[in-house]
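Colleague: Following this message is one structure expressed as C-alpha cells.
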Amino acid sequence: MTPPTHATDAQLGDKDDPLFREWLAAELDAPLAALSIKQIAGDASPRRYFRVSIDWGDATISQLDSEPGRRVAEDQAMSLPAASKPAWIGVTSPASENNAAFLHVQRLLESAGLAVPAQYASDLDRGFFLMEDLGDVLLASQLSPEAVDHYYPSALNELTHIAGIPAASAMLPPFDAARIAEETSVFPEWFLGAHLGLEVGAMAETLWQNLLTLLTDVFHHQPQCVVHRDFHSRNIMCLPDDRLGLIDFQDAVVGPVTYDPVSLLKDCYIQWPRPDQLRWLESHRQALLSTGVAVPDERAFIRDFDLVGLQRHLRVLGVFARLCLRDGKPAYLNDLPLVLDYTREALALYHSEPPIGDFSQWFEDEVMPRIAEQDWYQRAASVVRE
C-alpha cells in the first residue's frame, strides 16, 4: 500500500519566505527590518505558526495603522511603549487545509461570544493569516488531579454554548455517512495496513463494514449540533481573564452532540478515571437539557458517548500512524497506547452487541498480536509493569 503524497515543507511559506515577510510588513504597516518572526510549536497539520512582533527600539508603536482595513486591532495600536508592544500570530497554510473554512468558523464562533483569535488579515490564495495571539498557556499544561475540576466544567460550558449555535444556519458540512466512512478509513489503511502490515481479508472487511453501519447509526440518531471536532486540551488556551480560548476549529461540522465531549473527556493525550468522565458527562447532559437540547436519558447518553468515542479513536489510531509514516512525526506513536486503551475499553463495554462483539473478537485475535510486536506498545507495557 503506497501512502498518498502531501505538500512538503519546502512548498510551504516560512519566516524566511520573502513573500510572507513582505505580506506581514504590508499588513502591519511596518518596515521589513523591524519585523521579528519566530516560529512556534504547531499542530499535527502542515500549517506553520509564527509569533510576529515589531522591534521599534526605543520608539513607540503609535504609527501602527489601526484602520480595520489594515487588520491591526485599535486597542493594540495606541502609542504603547516598545516594552509592551503587542505580538500577533502569523500562519502559513497550504490550500489543502481548507483555509476558507477556518475564516468562516472563526466568525461563527466569535459571533456566538466564544473566545477565538481575532483575524486581522488573510490571503486565501497564498494561505497567509495574521491573527490575535492568545498566548502560550495550553489547557494541557494546567491539568492536574487538583486543577481538573476547575477547568473541565468551564470547558464543557464552552461546549454548551457551541451546541446552542443554530445548526441550520451555521453553513457547516454535515457529519454524514460518507464523511464518517472517509475519515475512519485511515484505520484499515494506515494503522492496520501501512503500520502493522496486516492484510484485511474479506471476513474482516465484513466485520468492519458492520461496525461502521452501527457507528453511523449512533452518530445520526442523537441530536445534531455544531461540533468543533477537535476539542481537546491542546486546542484550548487558558487566557488571563480565566476564560478559555479555542483554536484549531476549521474542521467544524454539524454532528452528534456527544462528539466534542468525547474529544475532551477521552482526550488522546491525557486520561482521567472513568467515574470522573461520567460525572462530568452527566453534568454536561443536564446543562444541555436546561438549554432545550433533546438529549436522551443518562444511560443512552453514555452509550452514545462511548460509541462515538470508538469511531474517533479508531480514526486517531490511523491518523497517528499516518503522521509517523507519511509526515515524519514519529512522536505521535507514543500517544498510541492511550488511544488503544480507549478503543479496547469501548469494544469490551459493548461486546454483547453483535457487530461490536464480532469485531472485538477479531481485533483481539488478529490485531493485538501485531500490536504487541511494536516498540511503542512494548515501551508502554514496560512502564505499566514498573
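Colleague: For segment 318-354, give me each residue that is assigned to a loop (DSSP other than H, G, I, E, B) and free of Cβ contacts under 8 Å to residues at least 60 places away in the same chain.
Modeller: Within segment 318-354, GLY328, TYR350, HIS351, SER352 meet the criteria.
Colleague: While we're here: Hey, does segment 139-154 have a residue that's surrounded by 21 or more Cβ atoms within 10 Å (Cβ to Cβ), closer than 30 Å to THR216 by Cβ and in the same structural domain as ARG243 (by TED's automatic domain parsing)? I'd like the intermediate steps shown before the answer.
Modeller: Restricting attention to segment 139-154, the residues satisfying the condition of being surrounded by 21 or more Cβ atoms within 10 Å (Cβ to Cβ) are 139, 152.
Narrowing further to those that are closer than 30 Å to THR216 by Cβ: 152.
Narrowing further to those that are in the same structural domain as ARG243 (by TED's automatic domain parsing): 152.
Yes - at least one qualifying residue is present in segment 139-154.
Colleague: So, in segment 366-386, of the ones that are modelled with pLDDT of 95 or more and outside any helix (DSSP H, G or I), which residue ends up nearest to the chain's Cα centre (by Cα)?
Modeller: Only one residue tops the list, namely GLN374.
Colleague: Just checking, which of SER360, SER352 is over 28 Å from SER45 (Cα atoms), loosely packed, with under 14 Cβ neighbours inside 10 Å and not aliphatic (A, V, I, L, M)? Talk me through it step by step, then tell me what you get.
Modeller: Values: SER360 fails: loosely packed, with under 14 Cβ neighbours inside 10 Å.
After ruling out the rest, the residue left standing is SER352.
Colleague: Could you tell me how many of the residues in segment 1-51 are at pLDDT below 55 and surrounded by fewer than 16 Cβ atoms within 10 Å (Cβ to Cβ)?
Modeller: Final tally of qualifying residues: 11.
Colleague: Tally the residues that are more than 23 Å from GLN374 (Cβ to Cβ) and surrounded by fewer than 19 Cβ atoms within 10 Å (Cβ to Cβ), restricting the search to segment 303-339. Break it down stepwise before answering.
Modeller: Looking only at segment 303-339, we keep the residues that are more than 23 Å from GLN374 (Cβ to Cβ), and these are 303-308.
If we keep only those that are surrounded by fewer than 19 Cβ atoms within 10 Å (Cβ to Cβ) too, we end up with 303.
Residues that pass the stated criteria total 1.
Colleague: When you scan segment 94-104, do you find a residue that is in the same structural domain as ALA321 (by TED's automatic domain parsing) and within 19 Å of GLY245 (Cα to Cα), even just one? Break it down into steps so the answer makes sense when it comes.
Modeller: Of segment 94-104, the ones in the same structural domain as ALA321 (by TED's automatic domain parsing) are none.
No, segment 94-104 contains no residue that is in the same structural domain as ALA321 (by TED's automatic domain parsing) and within 19 Å of GLY245 (Cα to Cα).
Colleague: When you scan segment 58-70, do you find a residue that is small (Gly, Ala, Ser), at pLDDT 65 or above and either more than 22 Å from ASP241 (Cα to Cα) or in a loop (DSSP other than H, G, I, E, B) (or both), even just one?
Modeller: Keep residues of segment 58-70 that are small (Gly, Ala, Ser), which gives 59, 62, 66, 69.
Applying the additional criterion that residues be at pLDDT 65 or above yields none.
Checked segment 58-70: no residue is small (Gly, Ala, Ser), at pLDDT 65 or above and either more than 22 Å from ASP241 (Cα to Cα) or in a loop (DSSP other than H, G, I, E, B) (or both).
Colleague: List the pairs whose first member sits in segment 166-192 and is closer than 24 Å to THR291 by Cβ, whose second member is of a type in the set (Phe, Trp, Tyr), and whose Cβ atoms are under 8 Å apart, counting only residues at least 6 apart or on separate chains?
Modeller: From segment 166-192, the pairs are PHE175/PHE219; PHE175/TYR259.
Colleague: Give LEU288, LEU281 a once-over and let me know the one that is aliphatic (A, V, I, L, M) and in contact (Cβ under 8 Å) with a residue 60 or more places away in the chain. First the steps, then the outcome.
Modeller: Details: LEU281 fails: in contact (Cβ under 8 Å) with a residue 60 or more places away in the chain.
Unique residue meeting the criteria: LEU288.
Colleague: Follow-up question, since we're still on this one. Suppose the filter is assigned by TED's automatic domain parsing to the domain that holds ASP304, among the β-branched types (Val, Ile, Thr), touching a residue at least 60 places away in the same chain (Cβ under 8 Å) and surrounded by fewer than 21 Cβ atoms within 10 Å (Cβ to Cβ); does THR206 pass it? Full working, then the answer.
Modeller: Details: assigned by TED's automatic domain parsing to the domain that holds ASP304: yes; among the β-branched types (Val, Ile, Thr): yes; touching a residue at least 60 places away in the same chain (Cβ under 8 Å): no; surrounded by fewer than 21 Cβ atoms within 10 Å (Cβ to Cβ): yes.
No.
The values are calculated or read from the model by the stated rules, or taken from the named source; none is laboratory data. Remember, predicted model here, so these are calculated numbers, not experimental data. In this analysis, Cβ positions are derived from the backbone assuming ideal geometry, glycine residues included, and neighbour counts consider all displayed protein chains.
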